[in-house]
Amino acid sequence: MIPSANTTKDKLRKVSTATIATCLFKRGLKHQFIQDVKPLKLNKPTMVGEAYTLRYIPAREDLNPIEVFKDPKHLQRVAVEECPKGAIMVIDSRKDARAASAGSILATRLMVRGAAGIVTDGGFRDSAEIAELALPSYHNRPSAPTNLTLHQAISINEPIGCGDVAVFPGDMLVGDDDGVMVIPAHIADEVADECLQMTLFEEFVMEKVKDGQSIIGLYPLIDEKMSKEFELWKNTKLDRH
């Protein structure tokens, strides 16, 4: 039976982006980590959700006066109002943080509407306020100028590039203190399952290393005696749950 999306999300909340990166590497996917993007605040709960995308192109001055925000169909505003509950707004800002991708009012609106997070390869204004929201947020660096200075919102929920990663609507994003990984939607379930198993093994390895065990033969696990010990440890661990 294929796990439900909620089950997959619950599993991914228990694993790290580092573990996901290794899992995807095994599948030949080597460039799924969004580059030069970091959390506005550390030690927040792990961010997990489907990608809902917004793409910017370079702003042209005659098309982006401040008055464009009065248009109820302005795509940046529309995206905030249409981002599904549980999804993560991912903004393609062309890795240009000289002007903000969004600010605290829009981020707060996303939070209130139930979004799972917001990510840009540009920057946010009001960054200190956004950092304190109950909304995981990731960017390159703070940026005070309005987005209209450099960015024109041009499309919603289409494939984008964010920090050198191709992001398709519906891809699963996972973010922690290291940054953000993008998992292709069609393998999200199996990646979640494998990463849980990898995390369990890594817990065993960490216990052994702290006890003075050499990593040779243990990590990776090629020592037969240690392999049997892991199976016993794992069964005991699982029986407790």
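General remarks:
- Accessible area per residue for the chain, computed on protein heavy atoms with a 1.4 Å probe, is 52 Å².
- Share of carbon and sulfur in the accessible heavy-atom surface of the chain [1.4 Å probe, %]: 55 percent
- Note on the chain: Cα Rg divided by 2.2 N^0.38 Å, N the number of residues, gives 1.15.
- Counted over the stretch 114-241 with a bin width of 5 Å, the fraction of Cα pairs per bin, in whole percents, is 2, 8, 13, 15, 13, 11, 10, 10, 8, 5, 3, 2, 0.
- Taking a straight Cα-Cα cut-off under 13 Å and skipping sequence neighbours fewer than 8 places away in the same chain, the aspartates and glutamates within cross-link reach of Lys26 are Glu190, Glu194.
The values are calculated or read from the model by the stated rules, or taken from the named source; none is laboratory data. Everything quoted here is computed from the prediction, not taken from an experiment. Heavy atoms of the whole protein, side chains included, go into the accessibility calculation; ligands, DNA and RNA do not. Shrake-Rupley method; radii C 1.70, N 1.55, O 1.52, S 1.80 Å.
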